[in-house]
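Working notes for the structure below.
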Amino acid sequence: MNIMDFLSKKAILTDIRATKKDEVIKELVDTLIAADEVGKRYRNKLIEALMARESLGSTAIGQGIAIPHAKSDCVDKLVAAFGLSKKGVDFDSLDGEPAYIFFLLVAPQDSAGPHLKALARISRLLRDKYFRDSLRACTDDKSIIKILALEDEKKI
């Protein structure tokens, strides 16, 4: 599975303004809405689904990474937004460190397979320190897309 297959090129933020977990989620959901990936009428429902998932345990996996995700009938295909925070956000990470890199994933209610494959793909990529550092150094959406597309090409 390629990241560019589900990441919306129009839903990339290179400077998240939010300073709290719920604000980051709202900012990324708003980015998906602005990219026409999610209907505006679903905003609150989607935020509730993502926050409900967070209440089960933080989706910040350490090393500056958070992957907030949820299943929802607000979407009919797997879709993702990407965000970078320059300052870092306390996301209740497993290692206690702030999160700087965010992939927000939303999958249809009945799509366990693609949802899990996307989570696994993102997690696998972000284990690589050079890859994380390269993403964090990006200042525009084009460079983020380029890095992710190059990684997708490497995939076996």
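The values are calculated or read from the model by the stated rules, or taken from the named source; none is laboratory data. Fair warning: this is a prediction, and the values are worked out from it, not measured in the lab. As a convention, Cβ positions derive from the backbone with ideal geometry for all residues, glycine included, and neighbour counts pool all protein chains shown.
A residue that is surrounded by fewer than 19 Cβ atoms within 10 Å (Cβ to Cβ), of a type in the set (S, T, N, Q) and closer than 29 Å to A137 by Cβ cannot be found anywhere in segment 45-57.
Answer yes or no: is there a residue in segment 46-69 that is closer than 21 Å to L150 by Cα and modelled with pLDDT of 95 or more. Yes - at least one qualifying residue is present in segment 46-69. When segment 2-32 is filtered for residues that are of a type in the set (A, V, I, L, M) and crowded, with 18+ Cβ neighbours inside 10 Å, the ones remaining, listed by number, are I3, L7, A11, I12, L13, I16, A18, V24, I25, L28, V29, L32. Note on segment 9-27: among residues that are out of contact with any strand residue (DSSP E or B) (no Cβ under 6 Å at 6 or more places or on another chain) and assigned to a strand (DSSP E or B), the one that is nearest to A66 (Cα to Cα) is K20. Within segment 3-40, the residues that satisfy the criterion of being closer than 22 Å to A137 by Cα and over 14 Å from the mean Cα position of the chain (by Cα) are R17, A18, T19, K20. Pairs linking a residue in segment 109-130 that is within 16 Å of D152 (Cβ to Cβ) to a residue that is among the aromatic types (F, W, Y), with Cβ atoms under 8 Å and 6 or more positions apart or on different chains, are P114/F6; A118/F6; I122/F103; L125/F131.
Scanning segment 125-156 for residues that are surrounded by 11 or more Cβ atoms within 10 Å (Cβ to Cβ) and basic (K, R) turns up R127, R132, R136, K142, K146, K155.
Can you pull out the residues in segment 58-73 that are surrounded by 15 or more Cβ atoms within 10 Å (Cβ to Cβ) and either assigned to a loop (DSSP other than H, G, I, E, B) or among the polar types (S, T, N, Q) (or both)? Residues satisfying the conditions are S58, T59, Q63, G64, I67, P68, S72.
Checking L135, L46, L104, L78 one by one, the residue that is touching a Cys at 6+ places or on another chain (Cβ under 7 Å) and touching a residue at least 24 places away in the same chain (Cβ under 8 Å) is L46 and no other.
Residue-by-condition table, conditions (1) more than 26 Å from V38 (Cβ to Cβ); (2) in a loop (DSSP other than H, G, I, E, B); (3) charged (D, E, K, R):
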position	(1), (2), (3)
V89	no, no, no
Y100	no, no, no
F103	no, no, no
V106	no, no, no
A118	no, no, no
F131	yes, no, no
I145	no, no, no
A149	no, no, no
D152	no, no, yes
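P114 fulfils the conditions (1) in contact with a Pro (Cβ under 9 Å, 6 or more places away or on another chain); (2) modelled with pLDDT of 95 or more; (3) not acidic (D, E) except for a single criterion, (2).
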